[in-house]
Amino acid sequence: MKHHGILLFGILFGACSIDSPSEETHKHTDSITQNNKEENTIQIQKEQKLKKSDVDFLSVCDSLEIWKGAIQGVPQSDSTGIYVMAQCASNVHFDLIVYSEQELSLDEASDRTKGTVKAGVQGATYYAFKIPKRKSINLEEELDTYDYFFPCDVDIYKRFEDGWYLIQTKPIQSVEALGRLKLNTVFNK
C-alpha cells in the first residue's frame, strides 16, 4: 500500500511537472509563430519594393494640381473617405494619394505657394499611380483637363523613407477599375 501511495504521488508529481514544460513549450511555440509572422511581414515589405524610382513624385511636376476628394470611379459608399490627392499631366503623368487614418487638411499636406505635396507628413502614406493621360478634347471646358488612356498599365509607387519604389504594375481597362485599384492599394487588399 505504501508503495502504491508513493507511486501515485510520483505519477501526480510527474503529471504536474509535465504540464509546466508543456505550457512553456506552448509559449515558446507562440513566440516562434510571432517571430515568423514578423519575418513574413518584413519579407512582404521587401518584396513590395520591386524597383526604386529616380523620380520624386512630390516635386517632379511643373504644374501639380492638389485637392481633397474621394477616389474617382469608386462608389462613394466604398471610397471610405476624403483624401489629399494630386495629379500631374504636364511633364510627367501620374496621380497621387496621401493616405492617413487622421483626416488631413490641404495646409497640412501641401505647400500651395510652391505647388507641391509636403514630404514627411506625420502618419501619412504616399502612393503614386503612373498612368498615361491626354489633353481632353471637350471644347466646353475652359481649363486644360486631361483624360486617361484605357486600356493601359498602371505603375504603382509607394514612398518609403529612402525614396519611391515600384510596388506593382496592373493592367487597367476603365476609370472604375482604376478607382478600385487605388482603393485596394491604399487599403492593401
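We did not get these values from a lab; they are worked out from the coordinates using the rules stated. These numbers were taken from a predicted model, which means no experiment stands behind them. Note that each Cβ is placed from the backbone with ideal geometry, even for glycine, and that neighbours are counted across all protein chains shown.
Summary of computed values
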item	result
Charge context of Gln87, other residues only, Cβ under 9 angstrom, K/R +1, D/E -1	-1
Amide N of the range 54-75 lying under 12 Å from the label point, which is placed 7 angstrom from the Cα of Arg112 along Cα→Cβ	66-68
Net +/- balance of residues flanking Ser110 in space, Cβ distance below 10 Å, scoring K and R +1, D and E -1	+1
